[in-house]
Amino acid sequence: MGNVNFSKEVAVTNKRNVFDAFSATVSGIFSPVLGILAASGTIKGILSILQVSHILKDDSGTYIIIFAISNTFFYFMPVVLGASAAKYFKIDSYLGMIIGASMIYPSLIPYISEGNLTFLGLSVNMTDYTFSVFPVIIAVWFASKIERQIQKIPLREVRFLIQPMLILIVIIPSSLLAIGPFVSWFSKIIAVMMDLVYSFSPIIAGIVLGGTWILLIILGLHWLFIPIFISNIAVQGYNPILGLLLASQFAIAGASFAAGLKSEKEDLTALCYSVGVTTLIGVAEPALYGVLLPLKRPLVAAVIGGSVGAIIAGMTNTVQYAFGGFGLLGIPLIINSKGIDVGFYGGIASQIIGFTVAFLITLVWGLKKEVNKKEIKADLSMY
């Protein structure tokens, strides 16, 4: 799949606001890995189709191997993003990989449930960081700040010896003690707020949560909700919040396709169409990090489309009865075991409306002028 390498010059003004700086950073970190990310997501989507259509059973050797192929990138995302973030923040990529790998080190995983891990007498609230995004990026950013201070030491030989040692001994415990738990705490607060809003009014919940979910995906916080969603389905037999999120995936796809139509650059157009298809199959990250976030206007359109579509899902009380694929692959998951109900039709309608609204807004609003100029450089050679 093609990829557009959005450089740090995505924000064309010298005085960038916070969102510009954040979007440029996230895009710069994800741009080098978009090709493998899209490939892994596409394989995962195809595998889901084969499973749903009963062509492959989930206990067959073929399924297990293909699933491993499709899931490896996502499982080890902290390692991959650690390397990419290190390169972006101009420190040793291997150092970034070690920081990411330490967060998912096998010996630490059992303490997620046991909860009796300590460091220098301090209790470590161990969390599952597989599939996570934000913790490792923050950790590597802090590592870059520490390295800047260490580089002020005049003796190069001493620097070479103590620089990686100091960074690792400071950053990794800090990540486990503070950075990771803070992200987990923040996500739990958001989850409680989601439930409160839905309990008050499913329609208002659709407005508030439908488009916001897209921003949570960008931050990588959406992975932290997965255990909550699965638990709700296990206890209640369904999850209403997932029903509201159906439209967001299609809104992302609609904005991507419209951006492809509005682009005057052939490479960018090809990328928009490719990630649009990938999003419909079930993986939105390539579209978000490769197209919507750097271009900004399509991102706003997708957020609006996701919210409008979610209103329909809220009005019809659409819920999801199982956790699985997204996009087109999520449609079977909203079928009530007792038969097709109004929630199913509402879910389909929400997806169509989300796609249409995001597509039309992007088509009318267009892209910023600099998108079709030299400030955003397209480079497909690596893919």
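The values are calculated or read from the model by the stated rules, or taken from the named source; none is laboratory data. As the structure is a computational prediction, the values presented were derived from the model and not from experiment. Every residue, glycine as well, gets a Cβ built from its backbone with ideal geometry; the counts of neighbours run over all protein chains shown. Note: accessible area is taken over every heavy atom of the protein model, side chains too, but ligands, DNA and RNA are not part of it. Shrake-Rupley method; radii C 1.70, N 1.55, O 1.52, S 1.80 Å.
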Please work out, to two decimal places, the log10 of the ratio I(q)/I(0) at q = 0.18, 0.21, 0.23, 0.25 Å⁻¹ from a Debye calculation in which every Cα of segment 70-162 carries one identical scatterer.
-0.87, -1.02, -1.10, -1.17
Between LYS87 and ILE36, what is the FRET efficiency for a Förster distance of 22 Å, r being their Cβ-Cβ separation, to the nearest 0.05?
0.90
Figure the gain on full extension for TYR94 and ILE55 (residue separation times 0.36 nm, minus the Cα-Cα span) and round it to one decimal in nm.
10.0 nm
Exceeding the 19 Å Cα-Cα cut-off - candidates LYS262/LYS296; LYS57/LYS338; LYS265/LYS296; LYS296/LYS368; LYS90/LYS265
LYS57/LYS338; LYS90/LYS265
Please give the FRET efficiency for ILE112 paired with ASP267, using the beta carbon to beta carbon distance and R0 = 41 Å, rounded to the nearest 0.05.
0.45
Solvent exposure of segment 250-343 as accessible area per residue, Å², 1.4 Å probe:
32
Of the convex hull enclosing the alpha-carbon atoms of segment 233-359, the direction-averaged projected area in nm² is 7.0
Which whole-angstrom value gives the distance between the alpha carbon centres of segment 265-343 and segment 100-171?
35
Can you give the accessible area per residue of segment 65-146, in Å², using a 1.4 Å probe?
49
Karplus ³J(HN,Hα) for segment 281-287 (6.51 cos²θ - 1.76 cosθ + 1.60, θ = phi - 60°; Hz, whole; x = Gly/Pro) runs 5, x, 10, 9, 4, x, 5
Please give, to one decimal in nm, the separation of the simple spin-label points placed at ILE64 and ASN317, each 7 Å out from Cα toward the Cβ.
4.3
